[in-house]
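Data block below; observations after.
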Amino acid sequence: MNIITQSSATSELSKSGLDWVDRLMRMDTTSRNSNFGLIETVRDYCDANGLLTRLTYDPTGKKANLFATVPTATGETDGGVVLSGHTDVVPVDGQHWDTDPFSPVIKDGKLYGRGSCDMKGFIGVALGLVPHMRQTALTSPLHFALSYDEEIGCAGAPVMLADLKQRGIKLDGCIVGEPSSMRVVVAHKGINAYRCCVNGHAAHSSLTPKGVNAIEYAARLICYIQDLAERFKSKGPFDNAFDVPFTTAQTGTIRGGIAVNTVPANCEFEFEFRNLPGINAQAIYDEIKLYAETELVPKMRLTREEADITFATISTAPALDVAEQAAINELVRALRRDTDTRKVAYATEAGLFQTAGIPSIVCGPGNIEQAHKPNEFVELEQLAACESFLHKLIISLSGTAN
């Protein structure tokens, strides 16, 4: 083990679990990098322990998902529960860290480093239990679903899910180990991000009627998006189980213009909205696009025929809202002794699994407030609680315990 400053607080967490967390965190899998080193390491470990493994790749062939199955005692691989986690992490660029973000350090009962909370802690603890999974006479299989590029738009999971569908693989439920302080999360919002390009016409600023000001038309569209957000805030629909109980929308970046004395020909901005479960995300996007196409573009083309507004999807991930009676919900609630209903504003891959027909919940170690920050950490107590929970899950799938 390479973790420095280990303390007695690790006593409840197994050495194998901590070793695996340490090993994963030392691999720089920032989304701009390939994740092959991590994926191949885990695949080889799974192969050596008798798991069935399969890789699926991104279009460049430089990144991969791993789906691995722990068969039942009789060799069955269909059905069962999948443990899901993403292998990529967000950048550390421009952040001030007190330690090397890719050299895990334990201090005062906390494990510091990029990915400790989001979400290599969960993956590492789960991998540490693989030998135990193999030694247990499972009556229902267990699976691992490790994805690439979750942090830049949930790009990897859909590729893996499409492959599972093509192969006819059926799964009974999914546990996404995103940081939830080991509390059961049954719903989250969807996230939908888009890029808008406004193409006007340049002119000298003294001749503004001859130009089409791309920034000003972009501003009108941005204000329309803001008005939509205000409508959601004042008129709903509402779900008070969420900390922000309505659908939100906002513009995050904007670029345009070359000089103050030039009518800008181009402006580009990026916007997002986070929809409550049950709210039609496509309808919101269509409303924004319709306003651009019917209200703004015709006015732009009164001056220049070629003026236009175009949109491109950056990323989308559906909302999650698992049924209270879903077996995976009842199972995880029973194992965690957690009956509260929790819904969160952040998005995860759980919505993708649910959309693919796999009932899903979120339950993992660490607090989401620590994710993406400098000096990211997870409490060792949380990792130990995760390991205890997964141990109970393994036993529950063996049919030897209530």
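The values are calculated or read from the model by the stated rules, or taken from the named source; none is laboratory data. From a predicted model like this one, the values you see are computed outputs, not experimental measurements. Positions of Cβ are backbone-derived with ideal geometry, glycine not excepted, and every protein chain shown enters the neighbour counts. These accessible areas exclude ligands, DNA and RNA; they are computed on the full protein's heavy atoms, side chains included. Shrake-Rupley method; radii C 1.70, N 1.55, O 1.52, S 1.80 Å.
Assorted remarks:
- Lone unmet requirement of (1) at pLDDT 95 or above; (2) open to solvent by 60 Å² or more (accessible area, probe 1.4 Å); (3) assigned to a strand (DSSP E or B) for ALA312: (2)
- In region 244-259, the residues that are part of a loop (DSSP other than H, G, I, E, B) and over 19 Å from ASN192 (Cβ atoms): GLY257, ILE258, ALA259
- Any chance GLN382 is open to solvent by 10 Å² or more (accessible area, probe 1.4 Å), touching a Leu at 6+ places or on another chain (Cβ under 6 Å), of a type in the set (S, T, N, Q) and within 27 Å of VAL89 (Cα to Cα): no
- Filter result for the condition that a residue is under 14 Å from the mean Cα position of the chain (by Cα), within 22 Å of PHE389 (Cβ to Cβ) and in contact (Cβ under 8 Å) with a residue 40 or more places away in the chain, over GLY109, GLY177, GLY153: GLY177
- Filter pass, ILE358 being part of a loop (DSSP other than H, G, I, E, B) and touching a residue at least 12 places away in the same chain (Cβ under 8 Å): yes
- Helices (runs of 4 or more DSSP H) fully within region 115-217 counting 2 or more residues that are touching a Gly at 6+ places or on another chain (Cβ under 8 Å): 120-128
- Scanning region 34-75 for residues that are in contact (Cβ under 8 Å) with a residue 12 or more places away in the chain, assigned to a loop (DSSP other than H, G, I, E, B) and over 24 Å from LEU393 (Cα atoms) turns up SER34, ASN35, ASP58, LYS62, LYS63.
- Apart from one condition, ARG337 fits all of (1) at negative phi; (2) among the basic types (Lys, Arg); (3) out of contact with any strand residue (DSSP E or B) (no Cβ under 8 Å at 6 or more places or on another chain); the exception is (1).
- Scanning region 47-95 for residues that are buried (at least 16 other Cβ atoms within 10 Å of the Cβ) and β-branched (Val, Ile, Thr) gives THR53, THR56, THR69, VAL70, THR72, VAL81, VAL82, THR87, VAL89, VAL90, VAL92.
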